[in-house]
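Engineer: What follows is a structure written as structure tokens; I'll ask about it next.
The values are calculated or read from the model by the stated rules, or taken from the named source; none is laboratory data. All of these numbers come straight from a predicted model, not from anything done at the bench. Cβ atoms come from the backbone with ideal geometry, glycine included; neighbour counts cover every protein chain shown.
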Amino acid sequence: MPVHNRNLHIIDTTLREGEQFARAHFSLQQKLEIARLLDAFGVEYIETTSPVASPQSDHDLRALVALNLSARILTHTRCNLDDVRRAVACGAQGVNLLFATSSVLRSASHGLGIGQILEEAARCIAFLQAANVEVRFSCEDAFRSDAADLFRIYTAVDALGVNRVGIADTVGIATPREVEQLVGHVRAAVRCDIEFHGHNDGGCAIANAYAAVLAGATHIDTTVLGIGERNGITSLSGLIARLYLSNPELVTRYNLPLLGSLDALVAEIVGVEIPFNSCITGQTAFTHKAGLHTNAVLRDPRAYEALDPQVFGRARDVLLGHRLTGRNAITHRAQLLGLDLPEATLKAITQQIKARADEHPLTDAEVDALLMAQVLPGDAAVVPPSAQVSFISK
Ligand code: HCA
Ligand code: CU
């Protein structure tokens with residue numbers, strides 16, 4: 001098992017990166033509700049939209065700070081004194097400074113050279129330190145930035161005493177191997193903590209966050225459901241699943257059963273379903289279907305479950321009424337119903353279900369009715385007429 005950094009912090013940025021999701025428009029009440037639930041879950045930091053973004057953003061940041069949560073409230077600002085002053089005036093407990101360092105973004109965005117970036121950074125960092133506010137400096141688009149530029153900046157801001165540097169895969173192009181290499185090199189070059197922020201354009205956001213952890217990152221950015229610009233960033237439930245699978249101790253301090261409530265809350269607010277393939281919280285994340293799987297899972301859930309649903313407040317589901325079903329699953333169901341049916345009967349019912357399910361899947365109630373009909377063939381109250389008739393007619 002790889003060596004893990006146990007000094008790991010989650011910076012949830014649903015209220016900043018997540019607000020950049022195309023469908024997001026959080027009211028103050030919704031921000032407060034999300035923040036309270038994130039805090040109850042136990043994330044160490046909550047990152048918010050810059051107070052200079054709009055009058056409401058300023059107001060909301062103050063209200064979030066006033067909640068007095070255990071999670072520290074960060075805000076994310078451009079690296080200039082006006083923005084940083086406003087962040088401090090709003091009571092932010094930390095400021096996540098950002099500067100674009102790749103040549104493509106430098107020319108499309110601010111047009112400054114590395115020397116000028118460093119001058120601005122020094123002014124903002126000194127101001128925040130004097131205000132006793134935690135400070136991070138991040139290089140936007142780090143994976144398309146010139147390595148010499150990156151290291152010049154990271155070592156300079158480290159020498160200025162920032163709490164951490166940020167490495168952002170802004171356009172989601174990095175692979176886990178590249179993340180491990182870059183974070184590893186930064187780890188060797190600076191003394192401060194390291195934050196990683198990874199987008200999911202290439203489908204690697206969770207894997208990249210995990211690679212960053214392996215290479216020594218101390219802070220990982222997530223959002224609930226992974227929402228963010230374009231198709232988003234590392235999802236909170238994805239990071240938790242990945243860490244848990246490597247070493248459950250990395251995440252036992254979090255209130256794991258709240259993951260489902262967090263995903264459901266944010267899904268409802270932004271008007272999407274929880275994606276079926278969400279780690280832990282997807283509707284079918286603990287559903288077993290094919291006969292081979294259900295047979296083994298009913299004997300020992302670990303056969304096809306790397307994650308224990310109970311740990312996350314979820315329940316296992318075994319699907320019965322479909323064409324891939326198996327005799328063991330049907331036998332198990334009969335036992336749950338208290339029926340002691342001969343093997344030949346169970347075999348015949350299984351075949352019956354498969355044949356009927358070729359047209360459309362049966363509900364659990366229909367499967368139960370078929371089983372009950374074996375002992376109560378005449379009881380219409382237990383056996384729905386449709387099930388009874390079709391069973392007899394075949
Ligand atoms: C942004 C860019 C950002 C910043 C990440 C960071 C990115 O939308 O402002 O501050 O480390 O992906 O580069 O989200
Ligand atoms: Cu981002």
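Engineer: Just give me the residues in segment 214-231 being within 16 Å of ligand 1 (Cβ to nearest atom) and surrounded by fewer than 22 Cβ atoms within 10 Å (Cβ to Cβ), in sequence order.
Structural biologist: THR218, GLU229, ARG230, ASN231 - these are the residues of segment 214-231 that are within 16 Å of ligand 1 (Cβ to nearest atom) and surrounded by fewer than 22 Cβ atoms within 10 Å (Cβ to Cβ).
Engineer: Oh, and also: Yes or no: segment 81-104 includes at least one residue that is within 16 Å of ligand 2 (Cβ to nearest atom), in the same structural domain as VAL162 (by TED's automatic domain parsing) and part of a helix (DSSP H, G or I).
Structural biologist: Our first condition is that a residue be within 16 Å of ligand 2 (Cβ to nearest atom); within segment 81-104, this holds for 96-102, 104.
Right, trim to in the same structural domain as VAL162 (by TED's automatic domain parsing) and you get 96-102, 104.
Next, from what is left, pick out any that are part of a helix (DSSP H, G or I): 104.
Yes, segment 81-104 contains at least one residue that is within 16 Å of ligand 2 (Cβ to nearest atom), in the same structural domain as VAL162 (by TED's automatic domain parsing) and part of a helix (DSSP H, G or I).
Engineer: Provide a single number: the residues in segment 194-212 that are over 15 Å from the mean Cα position of the chain (by Cα) and surrounded by 19 or more Cβ atoms within 10 Å (Cβ to Cβ).
Structural biologist: So the count comes out to 4.
Engineer: On the given criteria, is ALA121 more than 12 Å from ligand 1 (Cβ to nearest atom) and small (Gly, Ala, Ser)? Break it down into steps so the answer makes sense when it comes.
Structural biologist: Values: more than 12 Å from ligand 1 (Cβ to nearest atom): yes; small (Gly, Ala, Ser): yes.
Taking the combined requirement at face value, the residue satisfies it.
Engineer: Moving on to the next point. Among the numbered conditions (1) in contact (Cβ under 8 Å) with a residue 40 or more places away in the chain; (2) over 17 Å from SER102 (Cα atoms); (3) of a type in the set (Gly, Ala, Ser), tell me where GLY166 comes up short.
Structural biologist: Condition not satisfied by GLY166: (2).
Engineer: Pick from GLU47, GLU17: which is touching a His at 6+ places or on another chain (Cβ under 6 Å) and within 16 Å of ligand 2 (Cβ to nearest atom)? Walk me through how you get there before you give the answer.
Structural biologist: Details: GLU17 fails: touching a His at 6+ places or on another chain (Cβ under 6 Å).
Only one candidate qualifies: GLU47.
Engineer: Same structure again: Could you check segment 139-188 and list, in sequence order, the residues that are buried (at least 16 other Cβ atoms within 10 Å of the Cβ), more than 16 Å from ligand 2 (Cβ to nearest atom) and β-branched (Val, Ile, Thr)?
Structural biologist: Residues satisfying the conditions are ILE153, VAL157, VAL162, VAL183, VAL186.
Engineer: Take the residues in segment 227-255 that are β-branched (Val, Ile, Thr) and assigned to a loop (DSSP other than H, G, I, E, B), then tell me which one is nearest to VAL311 (Cα to Cα).
Structural biologist: First, the residues of segment 227-255 that are β-branched (Val, Ile, Thr): 227, 233-234, 240, 251-252.
From the residues that got through so far, the ones that are assigned to a loop (DSSP other than H, G, I, E, B) too are 227, 234, 251-252.
On the way: ILE227: 24, THR234: 21, VAL251: 11, THR252: 10 Å.
Ranking the candidates gives THR252 first.
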